[in-house]
Amino acid sequence: MALKVKAQEKLQKIGTHAGKYRYIMMPELYTSLSQDKVIKEAALRSGVSKGIMQACWDAAGEVIKAWATEGHSVALPGLGTMRFGLRAKSVEKVDEVKAGLITSRRIIFTPAVELKDELAGTAIQITCYDRDGKEVKRVTSTSGEVEDPENENQNGGSSTSSQTGGGLPDDGD
């Protein structure tokens, strides 16, 4: 399995390349999986009935929510940990400290090393689209290595590319 990425040619409006068209990469998002589908698959993989899996799922969610809102960093099996955090304005004097200084509440996820390693080792499929939305090139890495065209002295990961129509020259990717 590979991560799917799209590179869309877009007009840059700010920065050093303002006024120029550049290819911007972003992950292609898949559809959201429903809770029911996840529970059904987990039940199938574990050999536990869907009803029991649903009860366990609901209980785990309630425990995670309760502990995280009490200030704990809670383990998410195979994924990492999550905790709540916040952003707040600072003040000079202790008399000025109040809840109104909090500007946002956030959920902070810290991925497990194993999850980061898995992501780093996953191949990437890039589909390039010109400014009119026409597909002009595909690039697929065969490993999790990332090529760095700015540092050509290093040995990059192997990749293959195919051009689908006009647009971008094949520069040996």
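A few remarks follow.
- Selected residue (criterion: nearest to THR127 (Cα to Cα)) from residues of region 1-21 that are without any contact (Cβ under 8 Å) to a residue 60 or more places away in the chain and either in contact with a Leu (Cβ under 8 Å, 6 or more places away or on another chain) or surrounded by fewer than 11 Cβ atoms within 10 Å (Cβ to Cβ) (or both): LYS20
- Taking the conditions (1) over 27 Å from ALA112 (Cα atoms); (2) surrounded by fewer than 14 Cβ atoms within 10 Å (Cβ to Cβ) in turn, THR69 satisfies each one other than (1).
- Residues located in region 27-37, provided they are farther than 24 Å from ALA123 by Cβ and in contact (Cβ under 8 Å) with a residue 12 or more places away in the chain: GLN35
- Failed item in (1) open to solvent by 90 Å² or more (accessible area, probe 1.4 Å); (2) assigned to a helix (DSSP H, G or I), with THR31 passing the rest: (2)
- Residue check, GLU41 at pLDDT below 95 and either surrounded by 12 or more Cβ atoms within 10 Å (Cβ to Cβ) or farther than 30 Å from TYR129 by Cα (or both): no
- Among the residues of region 134-144, those identified as open to solvent by 30 Å² or more (accessible area, probe 1.4 Å) and in contact (Cβ under 8 Å) with a residue 24 or more places away in the chain are LYS134, GLU135, ARG138, THR140.
- Considering residues of region 50-80 that are of a type in the set (Gly, Ala, Ser) and without any contact (Cβ under 8 Å) to a residue 12 or more places away in the chain only, the residue nearest to PHE109 (Cα to Cα): ALA75
- Restricting attention to region 102-115, the residues that are surrounded by 12 or more Cβ atoms within 10 Å (Cβ to Cβ) and of a type outside the set (Val, Ile, Thr) add up to 3.
- Scanning region 89-101 for residues that are open to solvent by less than 60 Å² (accessible area, probe 1.4 Å) and either in a strand (DSSP E or B) or in contact (Cβ under 8 Å) with a residue 12 or more places away in the chain (or both) yields a single hit, LEU101.
- SER73 vs. criteria touching a strand residue (DSSP E or B) at 6+ places or on another chain (Cβ under 7 Å) and among the polar types (S, T, N, Q): yes
The values are calculated or read from the model by the stated rules, or taken from the named source; none is laboratory data. Because the structure is predicted, anything quoted here is derived from the model rather than measured. Methodologically, a virtual Cβ is constructed for each residue, glycine included, from the backbone with ideal geometry; neighbour enumeration extends over all protein chains shown. Areas reflect the complete protein model, heavy atoms only, side chains present, ligands, DNA and RNA absent. Shrake-Rupley method; radii C 1.70, N 1.55, O 1.52, S 1.80 Å.
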